[in-house]
Amino acid sequence: MASFICKVLTPQGQIVKIKMNGNDKISCLKKLKQNGMTPISIKSSFNILKNDEKTSAKIYSSRRKSKNKIRNQIIQLSDKVTIEEIRIFTNNFYILKKAKFTNHHALKTIMNSTKNLQLKKVLNIMLKNLESGKLIYKTMEEYKNIFPYEYIYLIKTGELTGKLEDSLEHAIRYLEDEEEIKRRIQKTLIPNIIMFFGIIIMTILSILIGVPLLKNIFLINESNIRFPKILLILSFIMEKVIKYWYIIIALVVFVVFSIIRYKNTTNGRYKIDKFIATNILFGKISFLLDFSRLLGSVLINLKNKMRIQDALDISKNVIKNTYMLDIIDRAINNIYVGKSWIEPFENEKILSPIVIEMLKKGDTGNLAELMEKVEQYIDFEIENEIDKLLRILPEISYTIVGIAILIFIITIVMPIMQVYLGGFLFR
């Protein structure tokens with residue numbers, strides 16, 4: 001899907017600009033007319049960006065970015081910066097800001113106590129940039145290999161709205177929640193993955209080694225029992241796999257390359273992001289985590305007396321998922337045409353009815369106060385979804401183990417019993 005900037009006349013007689021996602025200009029035109037708006041102009045946001053890039057300021061900016069990239073690649077030391085170190089840095093920064101330290105004083109204090117050489121160098125560059133009037137998040141954007149995407153935009157929101165302390169608090173919670181969720185899922189997932197691949201390897205080896213041995217057993221015993229068809233089929237398949245292994249590897253590489261290439265297209269990325277946010281296994285967790293980050297950022301902006309449409313527009317930068325971004329864009333567009341911004345989220349039917357009703361109530365009252373309660377409820381829902389996932393994963397693993405054991409019994413154990421028991425149990 002492509003992005004378009006539409007200049008329209010609303011039913012209320014206002015001329016506004018709306019950002020829309022669609023396959024082409026015609027589909028955008030139809031959507032606008034369905035919503036009772038009169039289109040004035042529809043331009044591709046890509047073309048607008050392309051024209052802007054031709055200005056001297058953009059050229060200068062791109063040159064600086066390329067220089068920073070080279071500098072970033074040079075600072076590739078053995079000390080890799082971990083998420084835990086970023087969390088400690090953020091926590092220290094938050095404490096010092098609470099103690100009324102200036103940004104410069106706080107960063108210098110943290111840098112002097114930092115042991116990780118790579119992080120120390122980045123903080124030193126951050127300090128120099130700060131002295132020249134550059135905001136902290138601008139330096140972080142140059143080191144996206146160190147600072148997570150969502151984290152950078154939380155800091156950006158705080159700096160631009162003058163609520164850096166609140167943003168640092170949200171950033172700490174974001175890092176802690178991400179690590180806790182990752183740790184809990186990995187604790188359950190890794191043993192199951194090891195078991196899964198172990199069973200697959202065991203099954204393949206049992207077929208590769210066991211089928212030829214069974215053939216010999218049948219021949220040595222001169223059994224009148226016919227060699228099971230399933231073993232003949234499996235033996236034939238494994239022989240072809242061994243003979244044409246290079247074709248199979250080439251096919252796998254081609255499929256992986258095709259998926260990566262499709263993901264890099266606008267439509268492909270949108271569909272993959274939608275699958276990530278809506279799949280049965282972990283989709284709801286992914287969606288709720290993104291929505292929780294969005295609410296946290298919106299809340300900071302609302303406390304800064306910002307309008308909801310502006311708060312959403314700025315806060316959407318903490319989200320990478322294009323499916324979620326499309327919903328947010330539709331929510332912003334709804335506000336401009338006099339509709340509820342909650343409607344697009346309600347239509348997707350991912351958020352619980354309780355969350356939707358709480359947001360609706362906040363839309364007609366104190367939205368900031370209600371959003372704090374919604375944020376707390378979302379955290380509760382995320383916890384429940386993680387517990388569900390952790391209960392489901394072992395069940396899936398046990399099912400796979402059962403299927404593998406059944407295949408082993410049918411292909412190996414039963415034929416051996418046929419030979420040594422004379423086949424009378426299986427007549």
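Laboratory data are not the source of any read-out in this text; all were calculated from the coordinates shown. In this text, all values refer to a predicted model and were calculated from it rather than measured experimentally. Heads up, the Cβs are rebuilt from the backbone with ideal geometry, glycines too, and the neighbour counts pull from every protein chain shown.
Around T10, what is the net charge, scoring Lys/Arg as +1 and Asp/Glu as -1 over all other residues with Cβ under 12 Å from its Cβ? Overall, the nearby charge balance is +3. The order of F275, F4, going from fewest to most other C-beta atoms within 10 Å of their C-beta, is F275, F4.
With 0.36 nm allotted per residue and the present C-alpha distance subtracted, the N384-K243 stretch has 45.9 nm of extension available.
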